[in-house]
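Below: one structure, written as structure tokens.
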Amino acid sequence: MSKAKQPEQAPDHAKAWGDFWARNSAGSDPGGCLPGRWSGIEECQIAAWKSFAKQLPKGAKVLDLATGDGRVMRWMLAGRRDLKLTGCDLAEQLPAPPKGTKVRSGVRMEDLPFGEGQFGAVVSQFGFEYGDTALAAAELARVTRSGGWVGLMTHRQDGPILAHNFERRAAIAWAIEEQELIQKAKGSLQMRGLGGPPVPPLLAKAPAEGAAKFGAQSAAWEIAEAICRTLAMGARDHPGRVAATLEEIGKQAANEIGRIASLETACESAALGNFEMILADAGLDLNSREPVNEPG
């Protein structure tokens with residue numbers, strides 16, 4: 001099978017997810033991209049992947065696209081210790097993979113570095129819809145052996161994950177764009193010689209304002225609080241180093257905006273309803289399509 005020309009990957013989106021996983025070495029959720037009621041959703045996902053794993057032949061080799069922290073591999077391996085699991089992801093830096101699995105970073109799903117028919121199954125949770133789905137489908141069909149299985153779990157536009165991230169994006173925009181907290185904090189560094197407090201009153205009240213507007217522990221509170229702590233703890237530090245820390249806070253906020261933008265695009269791609277046609281064009285037969293719903 002010949003390969004089509006590779007599309008240009010949106011670099012800001014790739015970097016945003018790369019930075020997310022680089023900061024996510026413990027496999028937690030430092031960016032707050034998952035809603036507070038995530039545990040209920042996760043239980044359904046675990047059940048779905050364990051059910052999928054049961055139908056695979058003994059000792060099957062499985063590839064996990066956009067593996068992230070390898071949670072799908074961990075869930076599948078929990079019920080099937082005989083599976084040979086390999087994960088790959090576009091991000092250059094990833095958390096340590098689950099014990100008994102392998103992972104390869106910096107891999108585009110549209111150009112997989114694996115041989116034809118190398119895997120008995122290919123899986124992806126919230127990953128396939130982030131790429132060029134036509135090219136990705138052709139690649140996953142190429143590396144899946146004849147008669148093998150493909151399991152995809154994709155985002156949906158009306159789900160809680162996208163809604164939660166829209167709320168988080170609004171909170172970030174309030175802190176960074178509307179209130180311009182980082183610019184104001186940098187400006188306050190120039191006033192230190194005049195004997196003012198390390199944290200100006202306007203900035204000192206920002207965490208409470210962010211919490212009141214978007215909720216306690218929201219991104220608005222989080223960013224405002226981080227800025228205040230940076231100024232307070234850096235009261236005796238060189239202004240240049242304090243400014244560098246403030247810039248890092250702004251960088252992380254910008255990366256999260258990029259990650260949310262890529263999530264929105266992925267949800268739009270998943271909502272087009274043409275995945276069956278794309279997969280069929282790649283030579284794959286649809287076995288089933290089912291919603292993954294929370295209890296109740």
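The values are calculated or read from the model by the stated rules, or taken from the named source; none is laboratory data. Quick caveat: nothing in here was measured; it's all calculated off a predicted structure. In this analysis, Cβ positions are derived from the backbone assuming ideal geometry, glycine residues included, and neighbour counts consider all displayed protein chains. For accessibility, only protein heavy atoms count, side chains too; no ligands or nucleic acids. Shrake-Rupley method; radii C 1.70, N 1.55, O 1.52, S 1.80 Å.
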Consider Phe119 carefully, then state whether it is under 26 Å from Glu276 (Cβ atoms) and in contact with a Gly (Cβ under 9 Å, 6 or more places away or on another chain). yes
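Go through Thr245, Thr265 for me and flag whichever is touching a residue at least 24 places away in the same chain (Cβ under 8 Å), open to solvent by 20 Å² or more (accessible area, probe 1.4 Å) and of a type outside the set (Asp, Glu).
On the way: Thr245 fails: touching a residue at least 24 places away in the same chain (Cβ under 8 Å).
Being touching a residue at least 24 places away in the same chain (Cβ under 8 Å), open to solvent by 20 Å² or more (accessible area, probe 1.4 Å) and of a type outside the set (Asp, Glu) holds for just one of Thr245, Thr265, which is Thr265.
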Out of the residues in segment 212-225 that are touching a Pro at 6+ places or on another chain (Cβ under 6 Å) and open to solvent by 30 Å² or more (accessible area, probe 1.4 Å), state the one that is farthest from Leu189 (Cα to Cα). Trp221
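Being of a type in the set (Val, Ile, Thr) and closer than 18 Å to Val150 by Cβ is the filter here, so list the residues in segment 101-130 that pass it.
The initial filter retains those residues of segment 101-130 that are of a type in the set (Val, Ile, Thr), namely 101, 103, 107, 122-123.
Those that are of a type in the set (Val, Ile, Thr) and closer than 18 Å to Val150 by Cβ: Val107, Val122, Val123.
To keep it simple, each residue is scored yes or no on (1) open to solvent by less than 60 Å² (accessible area, probe 1.4 Å); (2) in contact (Cβ under 8 Å) with a residue 12 or more places away in the chain; (3) under 21 Å from the mean Cα position of the chain (by Cα).
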position	(1), (2), (3)
Ile227	yes, yes, no
Arg241	no, no, no
Glu256	yes, yes, yes
Met277	no, no, no
Asn293	no, yes, yes
Only strands (runs of 3 or more DSSP E) wholly contained in segment 45-163 count here; list those with 1 or more residues that are at pLDDT 95 or above and either touching a Cys at 6+ places or on another chain (Cβ under 8 Å) or open to solvent by 60 Å² or more (accessible area, probe 1.4 Å) (or both). 61-65, 84-88, 101-104, 144-153
Selected residue (criterion: least open to solvent (accessible area, probe 1.4 Å)) from residues of segment 175-211 that are free of Cβ contacts under 8 Å to residues at least 12 places away in the same chain and either basic (Lys, Arg) or in contact with a helix residue (DSSP H, G or I) (Cβ under 7 Å, 6 or more places away or on another chain) (or both): Ala211
The correct count of residues that are over 23 Å from the mean Cα position of the chain (by Cα) and at positive phi in segment 108-138 is 1
Taking Gln217 as meeting all but one of (1) under 21 Å from Ala66 (Cβ atoms); (2) in a loop (DSSP other than H, G, I, E, B), write down the number of the exception. (1)
